[in-house]
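Student: Let me give you the structure first, and then I'll get to my questions.
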Amino acid sequence: MWLEIGFGGGEHLAARASENPDVDFIGCEPFVNGVAKLLAAIEKQQLSNVRIRAGDARELIQAAPAASLSRIYVLYPDPWPKRRQRKRRLIEEETIAQFARVLRSGAEVRFASDIDDYAGWTLRRFLGHPDFAWDARRADDWRVPWAGWTPTRYEIKARAEGRPSAYLTFRRR
């Protein structure tokens, strides 16, 4: 089972679900327009392996059984750029500890952002957690999207505005 947190318009989640019919997907999104877009894609593509949770993913993660997920995607989360807002960021120590609890050994967290401060923030927090390892082997690893990558609408907009993305993979030990 794979979880995508904040799926936006659902284009990435629908693409992954279509390519992986034997994997069950859960998508969490707080905004109704994104939920509606993914529902339309599910119907159009006849995807039977996607479930949607409208609302905050943290509640679902807290309720999920231990070692129940094989992958978590966090793609272009709200960066809350002002210093006083950073406590609202999804990636923080408590959330990472919850990720560790619900992920199987060897499972992945895939994080993407065009905000270099948030990418650095995320890297520092995952590197500081004993249950995760960063998979990068070469300097370029964090600049190259994952194989079969489907860019999100937000990523396309960021590229058009000249903002490159960081792609980080953390493996559950």
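The values are calculated or read from the model by the stated rules, or taken from the named source; none is laboratory data. Fair warning: this is a prediction, and the values are worked out from it, not measured in the lab. Counting neighbours? That spans all protein chains shown, and the Cβs are built from the backbone with ideal geometry, glycine included. Surface areas here come from the heavy atoms of the whole protein model, side chains and all, with no ligands, DNA or RNA. Shrake-Rupley method; radii C 1.70, N 1.55, O 1.52, S 1.80 Å.
Student: Name every residue in the stretch 24-47 that is among the aliphatic types (A, V, I, L, M), surrounded by 16 or more Cβ atoms within 10 Å (Cβ to Cβ) and within 19 Å of GLU59 (Cα to Cα), in order of residue number.
Tutor: ILE26, VAL35
Student: Do you know which of the residues in the stretch 69-114 that are among the polar types (S, T, N, Q) and in contact with a strand residue (DSSP E or B) (Cβ under 8 Å, 6 or more places away or on another chain) is nearest to ILE156 (Cα to Cα)?
Tutor: Filtering the stretch 69-114 for residues that are among the polar types (S, T, N, Q) and in contact with a strand residue (DSSP E or B) (Cβ under 8 Å, 6 or more places away or on another chain), the one nearest to ILE156 (Cα to Cα) comes out as SER113.
Student: Something else now. Quick one: would you say ARG124 is among the basic types (Lys, Arg), in a helix (DSSP H, G or I) and more than 25 Å from ARG153 (Cα to Cα)?
Tutor: When the stated conditions are applied, ARG124 passes them.
Student: Quick test of your reading of the structure: GLY106 fulfils all but one of (1) over 18 Å from SER165 (Cα atoms); (2) out of contact with any helix residue (DSSP H, G or I) (no Cβ under 9 Å at 6 or more places or on another chain); (3) in contact (Cβ under 8 Å) with a residue 12 or more places away in the chain; (4) open to solvent by 50 Å² or more (accessible area, probe 1.4 Å). Name the failing condition by number.
Tutor: Just one mismatch for GLY106, condition (4).
Student: Among residues belonging to the stretch 123-154 that are of a type in the set (Asp, Glu) and either surrounded by fewer than 10 Cβ atoms within 10 Å (Cβ to Cβ) or closer than 13 Å to LEU168 by Cβ (or both), point out the one that is modelled with the lowest pLDDT. Let's see the steps before the verdict.
Tutor: Within the stretch 123-154, the first condition is being of a type in the set (Asp, Glu), and the residues that meet it are 131, 135, 140-141.
Now drop any that are not either surrounded by fewer than 10 Cβ atoms within 10 Å (Cβ to Cβ) or closer than 13 Å to LEU168 by Cβ (or both), which leaves 135, 140-141.
Values: ASP135: 83, ASP140: 87, ASP141: 91.
Going through the qualifying residues, I end up with ASP135.
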